Amino acid sequence: MIEHIDKRICQVAGELFFRKGYSAVTTDEIAYRAGISKKTLFKRFPTKKVLFDTVVDLFLSEAEKELEEVWNSPEASSLSKMKGFFLVVANRAGRISRALMDDLSRVVPDTWNRFDSFRRRMFRERIGTLLHAAQQEGFVSPEWEVNLLQELLLEIISHTFIPEVIGTFSYPPPRIVEGLVNLMFQGVLTEEGRKQFGVFQISNTPSVGR
């Protein structure tokens, strides 16, 4: 279990990394904001990269926990769970600033690969199952081959949410997720499915890193 002081350091570092990017954050600033000496900081985390990797581990672990809560909702329909899945994705994406996205591409590409692997694993494990269930429940048109639909959705999202592409958008990540989800699902659902799914909308989401 992570110790209290480590949790405090990770919380402070995470706020800085996700807002300012990896390159712009210094260990001096992290130590100052956490109220500790640099000696104590390096005793707990030998390098800035080790600390950053720990912050990312916590971020992905929290995201997976949120997705599991959506998945395990006993009374939710398949479409409700899909909306919940994408809400988690959108809200998590909203925490990643443009500066950090740039650094993930140029400075710490290995960390971006971890984000991408996590996303693909979660998508394949969950969305495919939910799409099959939604089709059986009459919400997804029977004209669609679900396995193909799953792969198409994964690739559309994966190739949109890469640092080189998302940096060209004039909208923050949550709005991009919102638009993609509505674009994709309003086209593949039956009339009953569209009524059940409704409009995917993220309320009061701040524009991060703009």
query: Could you work out the helix-only [θ] at 222 nm for the chain, with each DSSP H run of four or more residues adding -39,500 (n - 2.57) and the total divided by the number of residues, to the nearest 500 deg cm²/dmol?
result: -21500 deg cm²/dmol
message: Over segment 59-197, what is the relative contact order in percent, taking alpha-carbon pairs closer than 8 angstrom and at least six residues apart?
response: 32 percent
- line: Computed over the chain: longest principal axis from alpha-carbon atoms vs helix 173-188 long axis, angle to nearest 10 degrees, is 20 degrees
- prompt: By how many nm would the segment from ARG121 to GLU151 grow when fully extended, if each residue of separation counts as 0.36 nm and the alpha-carbon distance is taken off?
  reply: 9.6 nm
field: Computed label-point distance, nm, for sites GLN11 and GLU75 using a 7 Å Cα→Cβ extension
entry: 3.3 nm
- line: Any lysines whose Cα falls less than 25 Å from that of LYS20, other than same-chain ones fewer than 8 residues away, would be LYS7, LYS38, LYS39, LYS43, LYS48, LYS49
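Readers should treat all values here as calculations from the given coordinates under stated rules, not as data from a laboratory. None of these values were measured; they are calculated from a predicted model. As a convention, Cβ positions derive from the backbone with ideal geometry for all residues, glycine included, and neighbour counts pool all protein chains shown.
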